[in-house]
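Presented below is the structure to which this report refers.
The values are calculated or read from the model by the stated rules, or taken from the named source; none is laboratory data. Nothing here was measured: the structure is a model prediction, and the numbers come from that model. With ideal geometry, Cβ positions are generated from the backbone for all residues, glycine too; neighbour counts draw on all protein chains shown.
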Amino acid sequence: MKRVILHISGNVQRAGYRTKVISIAKQFGIKGIVLNLADGRVKIIAEGEQTDLDKFIPAVNIKNTLINVIGIEQEYSTSTGDYEKFYKLVDEGETDERLDTAADLLKDLIGVTINGFDRLENNLKIMIEKQDQMLDKQDETIGKIDQSRIETISEIHALRDDFKSHIDARLSNVESEIVQIKEKIMLQ
């Protein structure tokens, strides 16, 4: 069994880092403690088999939305067997302070959620009104297109009728002239 003392720097306090470390330690069967230091770092005392510690150390190098480990200082020594499990040490008043902070954040979140839904509802109303206006304009445009289509068809029919009348008159004249030509040819 070995012991390693880790000093973790970065954004590791008030970010849920110690809870993650406890979970990771349990996965590897590591015993020890994790605690916040006054300088903003986190201290981990971990005891276990060397192979387990070799897996544990990279696993606590966490980088996510809230936690960002920047550095890990390591100091190995012989295991003392002082720990039966892995747990978090909490300073006096830390839990109460965190609960108060969590309650304040929850109130803010509820306010944002309610206000957000009110704004969303207002934006939806505006969007529906604009959509209704667009549909009215679309109906108006379709009406104009239909009217224009009807007028165009009517004009085409009128032009066709005029053209047919003109062709019929010309054809009648041509037929009449052909008859006259035939009569003249027969007389000769």
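Listed values, structure above:
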| item | result |
| --- | --- |
| Residue identified as out of contact with any Pro (no Cβ under 8 Å at 6 or more places or on another chain), β-branched (Val, Ile, Thr) and loosely packed, with under 10 Cβ neighbours inside 10 Å among 113, 51, 101, 78 | 78 |
| Yes/no for residue 39 being within 26 Å of residue 92 (Cβ to Cβ) and exposed (fewer than 15 other Cβ atoms within 10 Å of the Cβ) | yes |
| Residue list for the stretch 14-46, restricted to those being under 17 Å from residue 82 (Cα atoms), assigned to a helix (DSSP H, G or I) and out of contact with any helix residue (DSSP H, G or I) (no Cβ under 7 Å at 6 or more places or on another chain) | 22, 26 |
| Matching entry among 95, 80 (being outside any helix (DSSP H, G or I) and either modelled with pLDDT of 95 or more or not small (Gly, Ala, Ser) (or both)) | 80 |
| Test: residue in the stretch 53-61 that is of a type in the set (S, T, N, Q), outside any helix (DSSP H, G or I) and more than 16 Å from residue 20 (Cβ to Cβ) | no |
| Tabulated pairs, the stretch 50-68, first more than 11 Å from residue 24 (Cα to Cα), second surrounded by 14 or more Cβ atoms within 10 Å (Cβ to Cβ) and among the small types (Gly, Ala, Ser), C-beta under 6 angstrom, 6+ apart or interchain | 66/15; 67/15; 68/10 |
| Residue identified as closer than 17 Å to residue 4 by Cβ, in contact with a Ser or Thr (Cβ under 9 Å, 6 or more places away or on another chain) and charged (D, E, K, R) among 73, 49 | 73 |
